[in-house]
1. For Arg331 and Glu215, what does the FRET efficiency come to when R0 = 30 Å and r is the distance between their Cβ atoms, rounded to the nearest 0.05?
2. Would you mind putting 109-119, 188-198 in packing order, based on average other-beta-carbon counts within 10 Å, highest first?
3. Provide the per-residue ³J(HN,Hα) series for segment 104-119, in order, calculated from phi with Karplus coefficients 6.51, -1.76, 1.60 and θ = phi - 60°, each as a whole number of Hz, with x at glycine and proline positions.
4. For Lys79, give me every one of the lysines with a C-alpha distance below 17 angstrom, ignoring sequence neighbours fewer than eight places off in its own chain.
5. To the nearest 20 debye, what is the magnitude of the charge dipole of segment 244-341 about its Cα centre, counting +1 on the Cβ of each Lys and Arg and -1 on the Cβ of each Asp and Glu?
6. As a test, work out the antiparallel percent of DSSP beta bridges whose residues both lie in the chain, rounded to the nearest 5.
7. R0 = 41 Å: FRET efficiency of Asn309 with Asn205, Cβ-based, nearest 0.05?
8. For segment 3-340, with the dipole built from +1 on Lys and Arg beta-carbon atoms and -1 on Asp and Glu ones, taken about the Cα centre, which of Val199, Gln265, Gln336 lies farthest toward the positive end?
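A short reminder: the numbers here are calculations on the coordinates, not readings from a lab. Just so it is clear, the model here is predicted, and its values are computed rather than measured. As a convention, Cβ positions derive from the backbone with ideal geometry for all residues, glycine included, and neighbour counts pool all protein chains shown.
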Amino acid sequence: MNKDQLEKVARAMVAEGKGILAADESSGTIKKRFDAIGVESTADNRRDYREFMFRSMDAMKNHISGVILYDETIRQNAKDGTPLVKLIEAAGSIPGIKVDEGAKPLPNYPGETITEGLDGLAGRLKEYYDLGARFAKWRAVIDIADGIPTEYAVRANAHALGRYAALCQEADIVPIVEPEVLMDGAHDLDRCYEVTEFVLRTVFNELFDARVFLEGTVLKPNMVIPGKKAEKQASPDQIAAATVGLFKRCVPVAVPGIAFLSGGQSDVEATANLDAINRLRPLPWAMTFSYGRALQAAPQKAWSGKPANVNAAQAAFTHRARMNGLAAMGRWSQDQEKAAA
């Protein structure tokens, strides 16, 4: 384990005003996204879609620190034969890779899942390093509903995150540790706070037990936010106060940065909430974004599979990347959103 290199990469991933593009949709997920815009999910279409984002130089150079790739994508070449990884590196961003194999039903625990993918992971990490990946991602999924999450499900997922993170660092790859408490339910802000607190405490206990070098990690959590079906929603200021207050209690300051997932928030909601969090500076960590849909929904729609729309799609991607870059510094405003649009 090269601790100096791990810490250097982790800090670059959460550099001021930059965040991480989550372009690691599985084949099934991206098919759903393409179906929504009337595009066939072929290998060439998936490549062309991701390529136009990686070639959006303003966005990539100024606002995107790293890109999480899917297994297919890290092996693909651009239309002109250039490896997509090289396009990312040329833009000054860091290539990363999703290494988990998805959340599967947890036996005897209805409604709960366990993320799989530890078998053979050491060998896969070595291959991904050789392909250019310098960080990885593993997502644990925790739902909130009647009677869940159970303590067993949280501990099982946290243990897998700890094992994954240790294997990554052994391969000189920075682990993104992603325990996602879903916002799909009807729970309120306080319930999200309670569950997220238990999840984070459990995850960091497992990271300590696995002897993970925290300075060479990045945390990718949910914000403390009410469920989408909750009767009472929360303002960005309320979400920011709850999130920062909780993280100060649970996240060691050795962690270089926190890159939030969007988790089903709309584009502008994810930006506004991140901005409100960064307006509470000074904070012990860099607080930035690792967004998928909240960065890609607008460019995806603008592109719609047509080469003639690439410039418009790149403009939409650059706009969202810039807005989130401002939010990562606490400098975003609705006026800037409207003016840029």
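1. Computed FRET efficiency for Arg331 and Glu215 comes out at 0.65.
2. Descending packing order for the listed peptides: 188-198, 109-119.
3. Listing the rounded values in order: 10, x, 8, x, 6, 10, x, x, 10, 10, 10, 7, 9, x, 6, 5 Hz.
4. Cα-Cα hits under 17 Å: Lys306.
5. The dipole magnitude comes to about 120 debye.
6. For the chain, the DSSP antiparallel bridge percentage is about 15.
7. 0.25
8. Gln336
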